[in-house]
Amino acid sequence: PHGMILDLMNRHYASYVDFKRAFKEEAMKLQGSGWVYLSKSGQIKTIKNHAKRTDIALLVDMWEHAFNLDYQSNKAKYLDNIWRIMDWDAINHRL
């Protein structure tokens, strides 16, 4: 990450590594389907229904269809690898 999103992570989680750890912990708590996201205010939040949110900076799909085919229900491995495909420019644009 770079730019404003990295600044947000550093401000709220001390580092990108610490942010990823906190994000993974929150995502692993999600039972069933939903999404985990970093809000524009720097909080890690979950969406368990289809409610509209307007504060999303970065969103990760935790519905089973997102990871089951490639990771055979291994959510932890999915969360470790998801960061390799993030479009940090698009995320910065949302901020």
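Separation of segment 66-80 and segment 1-53, taken as the distance between their Cα centroids, equals 18 angstrom. Taking every protein chain into account, the 1.4 Å probe leaves Glu25 with about 110 Å² of accessible area, to the nearest ten. When the chain is described by a simple charge dipole with +1 on each Lys and Arg Cβ and -1 on each Asp and Glu Cβ, the residue from Ser41, Asn81, Val60 located farthest towards its positive end is Ser41. Summed over the residues of the chain and divided among them, the accessible surface reaches 61 Å² per residue at a probe radius of 1.4 Å. Enumerate the residues in segment 7-38 having an amide nitrogen under 18 Å from the point lying 7 Å beyond the Cα of Asp87 toward its Cβ. The answer is 38, whose backbone nitrogens lie closer than 18 Å to the label point. Net charge dipole, the chain: roughly 260 debye, given to the nearest 20, about the Cα centre with Cβ charges of +1 for Lys and Arg and -1 for Asp and Glu. The length gained by stretching the chain between Trp63 and Ser15 to full extension, at 0.36 nm per residue less their Cα-Cα distance, is 14.6 nm. Solvent-accessible area assigned to carbon and sulfur over segment 1-70 amounts to 51 percent, based on a 1.4 Å probe.
Between Gln72 and Ser41, the C-beta separation translates, for a Förster distance of 41 Å, into a calculated FRET efficiency of about 0.75. Using only Cα atoms, find the angle between the long axis of helix 16-29 and the longest principal axis of the chain, and express it within 0 to 90 degrees, rounded to the nearest 10. So the inclination is approximately 30 degrees. Taking the Cβ of Lys40 as the centre, find all other residues whose Cβ is under 15 Å away and add up their charges (Lys, Arg: +1; Asp, Glu: -1). Residues close to Lys40 contribute a combined charge of +3. Summing Lys and Arg as +1 and Asp and Glu as -1 over all other residues whose Cβ lies under 14 Å from the Cβ of Asp80 gives a net charge of +4. Accessible area per residue (1.4 Å probe, heavy atoms of protein chains only) ranks Ile82, Ile5 as Ile82, Ile5, with the largest value leading.
The values are calculated or read from the model by the stated rules, or taken from the named source; none is laboratory data. Just so you know, these numbers come straight off a predicted model, no measurement behind them. Note that each Cβ is placed from the backbone with ideal geometry, even for glycine, and that neighbours are counted across all protein chains shown. Ligands, DNA and RNA are excluded from the accessible area calculation, which covers all protein heavy atoms including side chains. Shrake-Rupley method; radii C 1.70, N 1.55, O 1.52, S 1.80 Å.
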